[in-house]
1. Calculate how steeply helix 46-65 sits against the longest principal axis of the alpha-carbon atoms of the chain, using the helix alpha-carbon long axis, and give the answer as 0 to 90 degrees to the nearest 10.
2. Which residues among region 33-74 fall inside the zone where the amide N is under 20 Å from a point 7 Å beyond the Cα of residue 126, along Cα→Cβ?
3. Return one number: the angle in degrees, 0 to 90 and rounded to the nearest 10, between the long axis of the Cα atoms of helix 104-116 and the longest principal axis of the Cα atoms of the chain.
4. Could you work out the helix-only [θ] at 222 nm for the chain, with each DSSP H run of four or more residues adding -39,500 (n - 2.57) and the total divided by the number of residues, to the nearest 500 deg cm²/dmol?
5. Convex hull over the Cα atoms of region 34-126, averaged projected area in nm²?
6. How much length is gained if the chain between residue 47 and residue 12 is pulled fully straight, taking 0.36 nm per residue apart and subtracting their Cα-Cα distance, in nm to one decimal?
7. Quick one: which of 75-88, 41-54 comes out on top by average Cβ neighbours within 10 Å, and what's the full order, highest first?
8. If I take every Cα pair under 8 Å that is 6 or more residues apart in region 21-113, average their sequence separation and divide by the length, what percent do I get for the relative contact order?
């Protein structure tokens, strides 16, 4: 029971983080555009940036509900992995700016851990 409760807490915590991060893409599509241009050298329209935010919110809600675990947990880990890669420069120069990039490392580890333990994550899932 403790393992299932721990995985539920991990899923809720990571899911809320992912949902808030996703909502920020809807609230600030210009920031999403800038991130895509800096990190991936991709020019995205405001509509595309907004569509990314909508897709991320849908992923967040599915993740929180614990549905389609292999797909949603994998997608969430990939999204966090991409965010971690975009923060890579901050990891190389940790004392130039506030160390926000360091949060990407434990977040990615937590998403991957939940993915690996998805079969045991059954408390509060749909």
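1. Helix 46-65 and the main axis of the chain meet at about 20 degrees.
2. 53-74
3. For helix 104-116, the angle is close to 40 degrees.
4. Rounded to the nearest 500, the figure is -24500 deg cm²/dmol.
5. For the Cα atoms of region 34-126, the hull's average projected area reads 6.9 nm².
6. So the chain would gain 9.7 nm between residue 47 and residue 12.
7. 75-88, 41-54
8. Relative contact order for region 21-113 comes out at 21 percent.
Taken together, the values in this text are just the output of simple stated rules run on the coordinates, not laboratory data. Keep in mind the model is a prediction, meaning the values are calculated, not measured. Cβ sites come from the backbone with ideal geometry, for glycine too, and all protein chains shown count toward neighbours.
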